[in-house]
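No lab work stands behind these numbers, since they all come straight from the coordinates. The shown structure was predicted, so the numbers you read here are calculated from the model rather than taken from an experiment. All Cβ positions, glycine included, derive from the backbone under ideal geometry; neighbour counts span all protein chains shown.
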Amino acid sequence: MKESVGVHILLKKAAGILTAMVLVASLVAGCGNQPNASQAGTSKSTAEKVDVSSLKSSDNQPLIQPGADIKPPQRPADPSQLPKTDIGHWYDMEWAGWNVNKVNIPKSPANGAKGKTIILIEPGEHPYFTAYTNGAQKVAIAYGMNLKVMTGDWSVAQQTQQVKEAITQRPDMIIIPPVAGDVAESLFKQINQAGIPFIASNLLPNNAAMKYALEWTGPDDWGQMKLLADKFAELMHNTGDYAIVRHMPGASPYYSRTWGVEDELLKVAPNMKVLDAQTGKLDATVVQQLVSGWLTKYGTKLKGLVLDGDSAEVIGAQQALKNANRSDVVIVAAGNSKVGMDAIKSGFLAAETYQTAEGDGALPVYEAAQWFEGKTIPPVRYLPQKIITKDNVNQFLPAQW
Amino acid sequence: MLKTGRNGKISSMVNRYRIVWLCIITFLVMSIFAPHFFNLYNFTTILETMCLNAVVAIGFTIVIIMGKLDLSIGSNLTLGAMFVIGFEPHFGWTISLLIAVISGGIVGLVNGLLVAKAKIDSFIVTLGTMTIVQGIVYLYANGGALYTKDTGLGGWLQQSFIPLFPPIVLISVIIILVFEGILTFTRYGRGFYILGGNKETAWLAGLKTDQYLIQGFTISGMTAALAGALFAITLNSALPDLGVSSTMQVIAATIIGGASMAGGEGSVVKSMVAVLTLVILYNGLTLLGAGNSIQILFSGLILAVVVLQESFSLYQRNKLRGQRVELLKEFSLKR
Amino acid sequence: MKTVLEMKQVSKKFPGTYAVKTIDFDVFAGEVHALLGENGAGKSTLMKVIAGYFNDYTGEILVNGKTVQLHSPAMAKANGIQMIYQELSLAKPISIAENLLAGRLPTKGTWLLDRKTLIHESKKLLGRVGLGHIDPLVAVEEISQSEAELVEIAKALGNNPSILVMDEPTSALSKEEVDRLFGIINVLKKQGIGIVYISHHLPEISKIADRVTVMRDGEKVATKDITDVTTEALVEMMIGRAAGEMYRKRSSSIKEDVKLEVKKLSRRGFFHNIDFHVRRGEILGICGLSGAGRSELARSLVGIDPIDGGEIHLDGTEIQFRSMNRALAYGLAYLSESRKEQGLALRLSVGENILSASISRYSPKDGKEIVKKLIKDLQVNPAEDHRMIATLSGGNQQKVLLAKWMATEPKVLILDEPTRGVDIGSKMVIHQAVMEMANRGYSVILITSDLPELAGLSDRVIIMRNGHFIGEIDRVDCTEEELLLAANGKGEYVNAIRESR
Amino acid sequence: MQSANLDELKKDSRSLELNTLSLWISKLGIFIVVGIFLIVGPLVSAKFYTLANLTTILQTVAILGIVAVGVAFVTYSGHYADLSVPSVMAFAGIITVATLHYGIAISLLLGILAGLSIGIINGFVVGVYKANPIIWTLAVEYVLNGLMRWIWGANQIYPDLHGNNGRAASSFVNLARQYVGPIPLVFILLFCAVIIGQLILSKTRFGRRLKVVGSSAEVAKFSGINVPLTIGIAFLISAFAASIGGIFLTSLVKLGVYSNGTGYDFNAVTAVVVGGVSLAGGRGNIVGVLGGTLLLGILVNVLNLIGVSQLYQTIVEGVIFIIVVGVNQKSLRKLGRDDA
């Protein structure tokens, strides 16, 4: 085959054209696939009140539910002095945002929600957040608001960049579920100083960060874990030792889903002792090795298991328990994915907390709409807390993610 | 760059400064198409975002020039971030910054010793230290995040006294230019190129090859830790998994920038321009509304195209190696 | 004559044996002192001691009368000792200038690089070896092999050494380039530099050397002036027994039938319109300078490189092949030029190397047998097939390489520099084996720049120059002078008409 | 010159005597370390040798073992490692789940074919164009990961247990939980992979060609070996093993998502290198890779039993990894088998 000497230069041109083509293609692809296309509001005129109570999440639960009106207890004198096993020690983390004086909060335009643009900065791609965005989209459409979504890659570096990019676009409102609670403060400060109102959501940031936000909405992780602990104590008849599979180090559930349970149990069932608490790194294999290690080490002394999540953790625990053919262990978990709901139905999982992902996404958009209409919104608003067990699991099917 | 193409043809000019063309093309495309792109605030954001990976790329490029590989840059970056925030309350910024950079240097030193003295492949050594340092970082704040009360320095770093160049960008660019100067214009710097080009030549020229290896890896550890520390200061906080995604991004950028894995070729400035290109691409795509998946897709495509173009042209050049020009003329005469 | 370098009772021990034992060796200023000996005679070890490779040698070394320690290349260089290596030691991706002045780049101030002086000085050095026209900032990977050899020599000259050690400097150079090198050496001699010259080319040594030292098995046999010693005496000293006539003409058993015929074979830019044939049992030599396209022709004959035209006929029928293993199946084998890069895989054992070209030919059992047989036939020493090839001497490695290609039972075996850098003893064994193969009906094509070998072994020689076939010497007893003339395009065997077409 | 008198040529003076310790290390290699931990195990916890504990150890590393056997071929061919393994695993898993409605057999086949297509691309670019394997497979990892996230987004693709093809879905889901007699299917697959891999490497012609290519690609080219094809097959085997591993992993976690294979690239390299396959190529064997994989499983188990926190474990794993590789490399050099 005849190779002309020119092929070398030809290839260089090809590489140049290919790269340029790839970049132009991004324009077309870019606009197309994100479900952010703001359909022109089909909603009625701005004045008319929008009824969202009819909206349903895919597990046919009402999308916007009145959260339990939980009031924070009195703040102990100096929480850091209290031992970790006393719930007061975690007061600032648990009740972040309640008693903090807001700073430089913009005034509401009070001219209705219709036509407003909201930018949602998702921390990263995960099935929970796909459902979260669906919920947010439903409410945005109902109010005729334009919701643009940016997705990160679970890294602080990426979210920092996206916050700045969101500010560049000068939206009317930003909704931001932070990648990490403790690191959120400098991001919130930037949005606040740019004069853009924003609502924090889903992950509890630290107390100091809350003074910049209009409001924080999301699950009361500490509260629902206490509920789960009460159910766990009831199922264990307040006796027997247990172990906890912890969340990823660095994220705030790392604390809430460990100490929330442990401190509550110390109060409710003092003679239930925690044998060990280790991170499962949200990985089925690591959880299996961890649980199997506990079963070998503690044998029948280990009566109960608390899991920080219900997908990879449930699968790992199932494998380990099957190998040790132990079916006497009472297992409870947080958050309700499809795998977890199946495990409840099959009886492997005794109970788990209900956390509506779509509701988690819908709530801040709803609150934004109220704010646009000039209503006052509370500093913190929780999602409803429910415990799913074998008998009420069917109400919550099919699972949202 | 201390090297010219033999034939001086445009093609070797284009090839040598390929990354600059790529950067300009990306910038133009994004300025035309991406909304809200063309404004001062966004440009400052782009430059600030570039700093983290560009400073990490300094040390990594030096290691690539030596013909080796350093996978531990992600963990060193996190180490720097955690130590600077962790030690600040006790010692203040300057000393904690020093501690962070020195601890990164120590990890680099260990890498260098294992590669130079124990003669273990650098891919393996740095894979091992990556896991170890990641463990240390988690252990340091027993899994938690760290944050500092004194947010003064962080604010100052991002204050744009000069438009477009806040202090963090100035510091990063200056460090990069200093290293580029050392690598191109000093005898010490040229040693890295000769070591990467041919280890025996360096040894026979009397260069202390083991010293260069150890110093190269130590610099890589220090610049990674410095980058992490500066980033953490702007954030006033640090997380144990801060540097996870940086490792691969820096490797991709350095190769796209023109460094070659075989050693003896690469420049710190070109790696910075490559990081800038990728950041412009990501920024533009985000403003166009494209999700994170498309950004990963594009950085992969660009890396693939660069690797393909380079290996294909090398493949062609080897085919024609040794061709005698006068015979070519004669051959075409006959047809 | 001032002694520039003197070694007294120098020895160097390797685990288990003495590589070099109690050597006295001296070099005068302005003298070329040749160092001769078989591989494994300790010649290269002695040379490395001088170059500062080892820090554990015993005995005393004096440079210009002063005792010195040569424990690292830097120390050797400091004492004015410069090495020129057989395998090139240039860094390919780096500019020529930086290679030339490696380790001592000129600086302005303490460490800032002085670019102007760098370019100026490297241009001067390149001028001394006739490469003045090349831009010193060009990368070494973009210049040709022979240019790189001359850059290597320029680099050594750069440190204005008082002692220059040259290890086989002419092995890859053509006749013209060798003459230019000898010119440079004579200039250096006049400048009073003492040169240690290591080579296997005996005719070369008689042309350039003033004194010669012969080593055998780690010990010095004798040091003689070149004038009062003959080539035969040298060979006898080297192998320690009667050299006999180096190349005994074998009774030619050439059969009439043509084994391989090539018509109008060409590859754009490498060789054009090559016609020749080889008969069964015949050894056809190809004579030509380096760069004449002989190796490229061989590579195309066995399918490593493609061809752009012409036909190849084996046993009368035309054969086509696009890959080397198709060619091997037809029985065309090629013993390649460089043993280290292309010939033997250093991390394989002797047995694995021997079978590496005929993997699909032998079952494991037959494989073992053929390896044993070939190790015996070629007297590979040590004769253990599981032994690592890296631990064998150069000569024995070359025998293993020949065994590798004999294992493929080729109809036509092409040999490219089969005995370069190989000691006399191994060279004999290889020649013996090649002649036996020819007697048994194999056809052999011999490409070599070792003219005595070419003249001695070939039954017929074709001549190539600049990619063209320019003539043929159809006489068994052709001499080196005729070959040399023909390779340079002169002499009666070259018919000018063909070349000008 | 009679050939006779050449015989008394003195024996080559540079013979190296082999010291027995390094001979043993290179022979047994990793199994010595595995043995040490098997002794330490019971000291740490009496119930180390219970069936449950051992099954868990093997089960948690079975999939990694299968993938490592594939990657071992790439390392053995002298091309470092295949960094596209995580995406290939996820891709094969997603395709299998997405095509379950055609029935389990066809969907498995399609899943494997999807993985193999990536292997063909890798094999072609690295084999023919000699692209740097680390950078090229890294680029493929990025592109494939980006593609999967763009097409399937982050929503998990569930095997639809209750839909019309529930049977295919349920048989898929318990693929990873299947038992053949007392032994889990995934063990059998691991041991088959190791045995077949070892046979391919040591007994077949391809294996011998791969050894020459691994030691020196240039020498292989000049020995008539089709080097691009041999390298291509090595990448194909890696992709094949990754696809099977990916399908089993997807079956284990009951859902297909782009992030399924995360972490398997470096863990596989760890198992391969600790198992004695040297990065320089042409050395080591597949049985060693099994040893390396088992070591990783036992190590984590012993550390859990001792009660070492997860945070410390990564440090211990890293330190042991470097020590084993260092000892391995030193013993090879002492045997004069390695010119490193």
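Using C-alpha pairs below 8 Å separated by at least 6 residues, the relative contact order for the stretch A:259-401 is 19 percent.
In chain C, the ratio of gyration radius to Kirkwood radius, Rg to Rh, stands at 0.98 when only Cα atoms are counted.
Adding -39500 (n - 2.57) for every DSSP H run of four residues or longer, then dividing by how many residues the protein assembly as shown holds, sets the calculated 222 nm ellipticity at -16500 deg cm²/dmol. Work out from phi, with θ = phi - 60° and the Karplus expression 6.51 cos²θ - 1.76 cosθ + 1.60, the ³J(HN,Hα) of each residue of the stretch A:86-95, listed in order in whole Hz, and give x for Gly and Pro. For the stretch A:86-95, the Karplus-derived couplings read 9, 3, x, 4, 9, 3, 4, 6, 6, 9 Hz, x marking Gly and Pro.
Quick check: the angle from helix B:325-334's long axis to the longest principal axis of chain B, C-alpha only, nearest 10 degrees? Taking the Cα atoms of chain B, the angle to B:325-334 is about 50 degrees.
Shown for A:Asp241, C:Asp228, A:Asp328: other C-beta atoms within 10 Å of each C-beta, ranked fewest to most, produce the order C:Asp228, A:Asp328, A:Asp241.
The calculated P(r) of the stretch A:128-229, using every Cα pair and 5 Å bins from 0, goes 2, 11, 22, 24, 22, 12, 5, 2, 0 in percent. Membrane-span-like helices in chain D, defined purely by DSSP H runs whose alpha carbon atoms cover 18 Å or more axially and whose average Kyte-Doolittle hydropathy reaches 1.6, are D:30-44, D:51-76, D:85-98, D:104-128, D:185-203, D:227-252, D:286-306.
Charge tally around D:Glu141: other residues with Cβ under 10 Å, Lys/Arg +1 each, Asp/Glu -1 each, net -2.
This ranking places C:Val350, D:Val85 by how few other beta-carbon atoms lie within 10 Å of each, fewest first, which gives C:Val350, D:Val85. Computed about the Cα centre, the dipole magnitude for chain C is approximately 940 debye when only Lys and Arg (+1) and Asp and Glu (-1) carry charge, each at its Cβ. Of the beta bridges in the stretch C:339-475, as assigned by DSSP with both residues counted there, near 55 percent are antiparallel. Taking one quarter of the surface of the C-alpha convex hull of the stretch D:221-326 gives a mean projected area of 8.9 nm².
Each Lys and Arg adds +1 at its Cβ and each Asp and Glu adds -1 at its Cβ; summed about the Cα centre, the protein assembly as shown shows a dipole of about 1060 debye. Along its three principal directions, the equivalent ellipsoid of the stretch C:3-239 from the Cα gyration tensor extends over semi-axes of 31, 21, 16 Å, largest first. Mean sequence separation of contacting Cα pairs (under 8 Å, at least six apart), scaled by the length of chain C, corresponds to a relative contact order of 14 percent.
Can you give the convex hull volume of the alpha carbon atoms of the stretch B:30-166 per residue, in Å³? Don't skip to the answer; put the middle values down first.
Values: hull volume 21.5 nm³, N = 137.
Spelled out: Cα convex hull of the stretch B:30-166, divided by residues, is 157 Å³.
Taking N as the number of residues in the stretch C:258-500, what value does Rg over Cα atoms divided by 2.2 N^0.38 Å take? My calculation over the Cα atoms of the stretch C:258-500 gives 0.99. With both residues required to sit in the stretch C:3-239, DSSP beta bridges show an antiparallel share near 60%. Normalised size of the stretch B:38-317, defined as Cα radius of gyration per 2.2 N^0.38 Å with N residues, equals 0.99.
Pairs exceeding 22 Å between alpha-carbon atoms, taken from C:Lys373/C:Lys411; B:Lys117/B:Lys199; A:Lys114/A:Lys375; C:Lys92/C:Lys190: C:Lys92/C:Lys190. Counted by Cβ distance under 11 Å from A:Leu397, the other residues give a net charge of 0, where Lys and Arg count +1 and Asp and Glu count -1. Computed 3J(HN,Hα) for the stretch A:254-261, one whole-Hz value per residue from the Karplus formula 6.51 cos²θ - 1.76 cosθ + 1.60 where θ = phi - 60°, is 4, 9, 4, 7, 10, 6, x, 6, glycine and proline marked x.
Give me Rg over Rh for the protein assembly as shown, both radii from the alpha carbons and Rh done the Kirkwood way, two decimal places.
On the Cα set of the protein assembly as shown, Rg over Rh gives 1.02.
According to the Kirkwood expression over distinct Cα-Cα pairs, how big is the hydrodynamic radius of chain D, in Å? Let's see the in-between values first.
Values: mean 1/r = 0.0467 Å⁻¹.
Kirkwood radius, chain D: 21.4 Å.
As a length-normalised measure over Cα pairs under 8 Å and 6 or more apart, the relative contact order of chain A settles at 20 percent. Of all DSSP beta bridges confined to the protein assembly as shown, the antiparallel ones make up roughly 45%.
The smallest convex shape that holds all Cα atoms of the stretch A:231-347, its convex hull, gives 90 Å³ per residue.
Test of understanding: ordering C:Cys287, D:Cys192, B:Cys23 by Cβ neighbours within 10 Å, fewest first, what list do you get?
On the way: C:Cys287 30, D:Cys192 12, B:Cys23 21.
Fewest to most other Cβ atoms nearby, the residues stand as D:Cys192, B:Cys23, C:Cys287.
Couplings 3J(HN,Hα) for the stretch A:216-224, derived from phi with the Karplus relation 6.51 cos²θ - 1.76 cosθ + 1.60 (θ = phi - 60°), are 10, 10, x, x, 7, 3, 4, x, 5 Hz, where x marks Gly and Pro.
What's the Cα-based Rg to Rh of chain A, Rh via Kirkwood?
So for chain A, dividing Rg by the Kirkwood Rh gives 1.04.
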